[in-house]
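The structure's right below; bear with me while I get my questions together.
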Amino acid sequence: MWQFFLRRLLLMIPIFFVLSVIIFSLIHIVPGNPLDNLMGPGMTKAYEQEMVKKYNLDKPLPVQYLKWLNNMLHGDLGSSIIEKRPVTELLLHHLPYSLSLGLTAIALSFVQGVSMGIISAAAKNTIFDHLAMMIALFGVTIPAFWLGLIFILIFAVWLNWLPVSGSGTLSSLILPAVTVALGGAGLIARVTRVAMLEVASKDFIVMLHAKGLGKKAILLKHVLRNALIPVITILGLRIGWVLGGAVTVEIVFSRPGLGQLLISALFRRDYPVIQGAMLLLAMGIILGTFLADMLYAFADPRVRDQTH
Amino acid sequence: MSLLVVDNVSVEFKTRDGIVEPLSGISFKIDAGEILGLVGETGSGKSVTAQAIMGLLPFLNGRVSSGRICFRDQDLLAISEDQYQKIRGNHISLISQNPMTSLDPVYKVGDQIVEGLRQHVVIARDDAVKRAVNVMTSLGIPNSEKVFFQYPHQLSGGLKQRIVIAMGLCADPHLLIADEPTTALDVTVQAQIVELFRKTVAQRNIGLIMITHDLGVISNLCDTVVVMYAGHVVEKGRVQEVFANPMHPYTRALLKCIPKFGMPERSLKAIQGNVPSVSTFPGGCRYHLRCPDMKPICMTEAPQTLQAGNGIEVQCHQFGPNWREEL
Amino acid sequence: MENTTNQNQIIPPANRWIRRLKKLKNNRAGVLGLIIIAGLIITALFADYIAPYSYKAQDLSLMNIPPSMDHIMGTDEFGRDVFSRIILGSRISVYVGVVSVGLSVLIGSLLGALAGYYEGWLDRVLSTVTDLTWSLPEILVALLLVAVVGAGVECVIIAIALTYWAQYARLIRGQILMLKNEIYVEATRSLGATDFTILFKHLFPNAIAPVIVAATIGIGQAIVLEATLGFLGMGAQPPLPSWGAMMSNGTAYLFISPWVIIFPGLAMMITVFGFNLFGDVLVDIMDIREDTLK
């Protein structure tokens, strides 16, 4: 187990470098001179000099990359062109809103998705199954921003139960979290159902019946336990959603998260901010994947003994 | 009172292509202290018989469509699922056919033995662990205490097979059904396990149904033998009688397939053809396509079960009243 | 018992399609999905004849009118008929959905087939890229691509195609990897067939079924992605009525005229639902194992 942990931990390093190269290239892929992209309207010649120096635009690309990497590792991601504040500061300001929303949403979607999957699989081909799968299908297909607007309309305007928007209080987290969670829950419910039915058809399940175990014990202790393995895999693959998937929902609920920061930076072509936000998202995804791998190994003893 | 009576039992399965009947009107019984061998090729319905007795068919899209299964005078087909759960793994244990797929991959094998035990017996966990380790050791598992804490994928096929056997023996069953329990083991271990079965049956005075296609095991271990072919019992009787004087052409053919020490290699016989699959069981006698003694009546009429003088029951037209008049 | 004997025989391809059609006919969800898709396409084709009003006719005296007999879905902040705009908007949705998925299937299946057939470095690069796009939220990928290629319908199509191609590549790669070891491939090769013939004449047609299913569901996803980009102001530019842009404009009037948001959303939901229903049924009638689609 420790060996596995260590191997995965070390694996994060090359992935991080690959991603940093991709993100670094971003500013150079965009059509036009990177300098144009770094310049806002009405910038002075002196500022241009400063930018050239700061981003080492007069040096060859590999040198630029290494300088950028070095700065980045020291916590310096440059400054926003528009807001004139260090990118690190901006990111740290917006991160908590995304993190709280993302973590709540993923927890919600896991609980809701798995319970819907259990009901569906346990009551296969009954009205409950069809109902749960219908809800799951809607969850997957409804665009999150529209659902968010409808939720605002119903719960904040017509029923007046919850605040329309905002970010400070716990109650302002409920609507956006449920909105984001519903899509994930639909996916998880479908995966859980398929996985449970697959496990339920395995030979060892018949043997558990032969041991005299009750249906409930078999379903929860064995079928579900085995079915969670693919569910965790899917969760791990989609862990990027924790930080970045809620862009539209953040906008609908005026939540100042990373998504909103990224969108406004995209619109204003504020490249240092785009690079910084992307880097943070990438790190979040790498870390999330690592955590999911650990969880996966915890859930499946066969994975722990893999030797590559 | 017989321990178990299987009386004229037929089994149906629902499949994508309709209903199939892998078991048609089979009967046999077994007493306490008796070892019964159930023999036949793959597809003859041996495992389905075990599933029917264990009440596992509902979980496999199947059901007993007619007949009676009585365990210690209790009609198993009439009791509720809850009552059945108290019998399964407790009074009747099944040792499954395929050890590779019979264990839950995510739990330690020891815990899986203890799980079944504690389902039926009120016993502290520590005591249950001790008991499980003892049974494991008695089955010739080296380092039982260590193996107890390992996962199925970490064990060899032979070890897994013995874990599955331990699961069956750990509770105190009155009837043990062992579905080809020795296939994955090498010969020396096989002999060991067979010996252990013999001892267990004698000590605990329980019944054992040994499902196998290994006639060596049958002649070694069993008191009675039931020969199955394509969902029918074609012959049954005391092992000595059947082996000394096999009546059904299929039994005779089977016995010719056993290699004997010192016999020239070429005289080893194989039965021509294969067991038909369940959807292609032929009409008449189901063996007629492969039978060397086939006559027209075999194609059209299913043979009745006939009592032979030496306690053997056989299902073959040869021993019927009209055989000589046939062409 | 005898009548079940001939059911295990191999079914010739022509009969296979007839059997699939029969299976579809008996599947109510599939028929419903098909009706929704057909309805959408007809609406998009004949939008000009179906829409009761012009999509851009403004009438400031009719601003933000709730649904009524004249305007069954109400009017927006410029007094334009919401129903007519939804009808016209279906054009952009269908256009973007079909073309972008078509493009990404083309790119994806070509690269995926090559990677699966030759393996080696191409396969490794492809696997890395597909894994990466899998772990990134698709809206972020699409947003970045739009940032690079620019806004507007054509740019959105390119962005969506580039967001989705990897999943089709992954699918077809897996299929080719599996199929290329079959005996008939060896047989054709020994008859002197080139790699090109084997790959595109023999393997490809057999590997394409799961891609068709994924693409059906993918059109629905692409329509949502287009609307989401439109909602963020990066899709079709005004006055073209795209569903996403309609809802984006509507947010400012959410409390005054919620129908401007509710109806385009419902239209989109029904559309996506139709593609999903039909796709799920395709999995069933084309005898595709569900785990190949993951």
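The values are calculated or read from the model by the stated rules, or taken from the named source; none is laboratory data. None of these values were measured; they are calculated from a predicted model. When we count neighbours, we look across all protein chains shown, and the Cβ atoms used for this are built from the backbone with ideal geometry, even at glycine. Keep in mind that these areas ignore ligands, DNA and RNA; they rest on the heavy atoms of the full protein, side chains included. Shrake-Rupley method; radii C 1.70, N 1.55, O 1.52, S 1.80 Å.
Among (1) acidic (Asp, Glu); (2) open to solvent by less than 10 Å² (accessible area, probe 1.4 Å); (3) away from every other protein chain (no Cβ under 13 Å), where does residue B:104 come up short?
(3)
Could you figure out which of (1) surrounded by fewer than 19 Cβ atoms within 10 Å (Cβ to Cβ); (2) of a type in the set (Gly, Ala, Ser); (3) in contact (Cβ under 8 Å) with a residue 60 or more places away in the chain isn't true of residue C:150?
Condition (3) is where residue C:150 drops out.
State whether the residues of the range C:46-54 include one that is part of a helix (DSSP H, G or I) and in contact with a strand residue (DSSP E or B) (Cβ under 7 Å, 6 or more places away or on another chain).
Scanning the range C:46-54 turns up no residue that is part of a helix (DSSP H, G or I) and in contact with a strand residue (DSSP E or B) (Cβ under 7 Å, 6 or more places away or on another chain).
Of the residues A:227, A:217, A:210, which single one is within 26 Å of residue A:114 (Cβ to Cβ), surrounded by 20 or more Cβ atoms within 10 Å (Cβ to Cβ) and modelled with pLDDT of 85 or more?
A:227
Taking the range A:34-61 as the search range and keeping residues that are basic (Lys, Arg) and open to solvent by less than 90 Å² (accessible area, probe 1.4 Å), which one is modelled with the lowest pLDDT?
Residue satisfying both the conditions and the ranking: A:54.
Among the residues of the range A:62-78, what is the count of those that are open to solvent by 20 Å² or more (accessible area, probe 1.4 Å), outside any helix (DSSP H, G or I) and closer than 15 Å to residue A:278 by Cα?
The qualifying residues number 3.
Something else now. For the range C:165-187, indicate whether the set of residues that are outside any helix (DSSP H, G or I) and open to solvent by less than 30 Å² (accessible area, probe 1.4 Å) is non-empty.
Scanning the range C:165-187, I find no residue that is outside any helix (DSSP H, G or I) and open to solvent by less than 30 Å² (accessible area, probe 1.4 Å), so the answer is no.
Considering every residue within the range A:184-193, establish whether at least one is more than 22 Å from residue B:104 (Cα to Cα), modelled with pLDDT of 85 or more and charged (D, E, K, R).
yes
Further question on the same structure: Among the residues of the range A:250-258, is any over 30 Å from residue A:174 (Cβ atoms) and either within 19 Å of the chain's Cα centre (by Cα) or buried (at least 20 other Cβ atoms within 10 Å of the Cβ) (or both)?
no
Condition check ((1) more than 13 Å from chain A (Cβ to nearest Cβ); (2) modelled with pLDDT of 90 or more) across all residues:
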| residue | (1), (2) |
| --- | --- |
| B:55 | no, yes |
| B:92 | no, yes |
| B:98 | no, no |
| B:113 | no, yes |
| B:133 | yes, yes |
| B:154 | no, yes |
| B:162 | yes, no |
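Could you list, ordered by first residue, the pairs with Cβ atoms under 9 Å in which the first is in the range A:56-71 and of a type outside the set (S, T, N, Q) and the second is open to solvent by 80 Å² or more (accessible area, probe 1.4 Å) and modelled with pLDDT under 80, at least 6 apart or interchain?
Note: pairs meeting the criteria are A:67/A:59.
Pull up the range B:1-50, narrow it to residues that are surrounded by fewer than 17 Cβ atoms within 10 Å (Cβ to Cβ) and of a type in the set (S, T, N, Q), then point me to the one that is farthest from residue B:273 (Cα to Cα).
Filtering first and then ranking leaves B:2.
Could I ask something else about it? Open to solvent by 10 Å² or more (accessible area, probe 1.4 Å), away from chain A (no Cβ under 14 Å), touching a Pro at 6+ places or on another chain (Cβ under 9 Å) and not aromatic (Phe, Trp, Tyr): does that describe residue B:125?
no
Regarding residue A:149, is this residue open to solvent by less than 20 Å² (accessible area, probe 1.4 Å) and more than 20 Å from residue A:196 (Cα to Cα)?
Here the answer is yes, as residue A:149 does meet what is asked.
Right, here's the next one. Grab the strands (runs of 3 or more DSSP E) fully contained in the range B:208-327, keeping just those with 3 or more residues being touching a Ser or Thr at 6+ places or on another chain (Cβ under 8 Å) and modelled with pLDDT of 85 or more.
B:224-229, B:232-238, B:313-315
Residue-wise test of (1) in contact (Cβ under 8 Å) with a residue 40 or more places away in the chain; (2) in contact with a Gly (Cβ under 8 Å, 6 or more places away or on another chain).
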site: C:86; (1), (2): yes, no
site: C:100; (1), (2): yes, no
site: C:125; (1), (2): no, no
site: C:159; (1), (2): yes, no
site: C:169; (1), (2): yes, yes
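From the list A:276, A:236, pick out the single residue that is within 24 Å of residue A:194 (Cα to Cα), open to solvent by less than 10 Å² (accessible area, probe 1.4 Å) and more than 14 Å from chain B (Cβ to nearest Cβ).
Just one listed residue meets the conditions, A:236.
For residue C:82, which of the numbered conditions (1) in contact with a strand residue (DSSP E or B) (Cβ under 8 Å, 6 or more places away or on another chain); (2) at pLDDT 80 or above fails to hold?
Answer for residue C:82: the failing condition is (2).
Here is a follow-up. Would you tally the residues in the range C:233-245 being under 23 Å from residue C:273 (Cβ atoms) and either part of a loop (DSSP other than H, G, I, E, B) or open to solvent by 10 Å² or more (accessible area, probe 1.4 Å) (or both)?
Qualifying residue count for the region: 5.
A follow-up question, please. Only one of these conditions is not met by residue A:94: (1) more than 14 Å from chain C (Cβ to nearest Cβ); (2) surrounded by fewer than 18 Cβ atoms within 10 Å (Cβ to Cβ). Which number is it?
(2)
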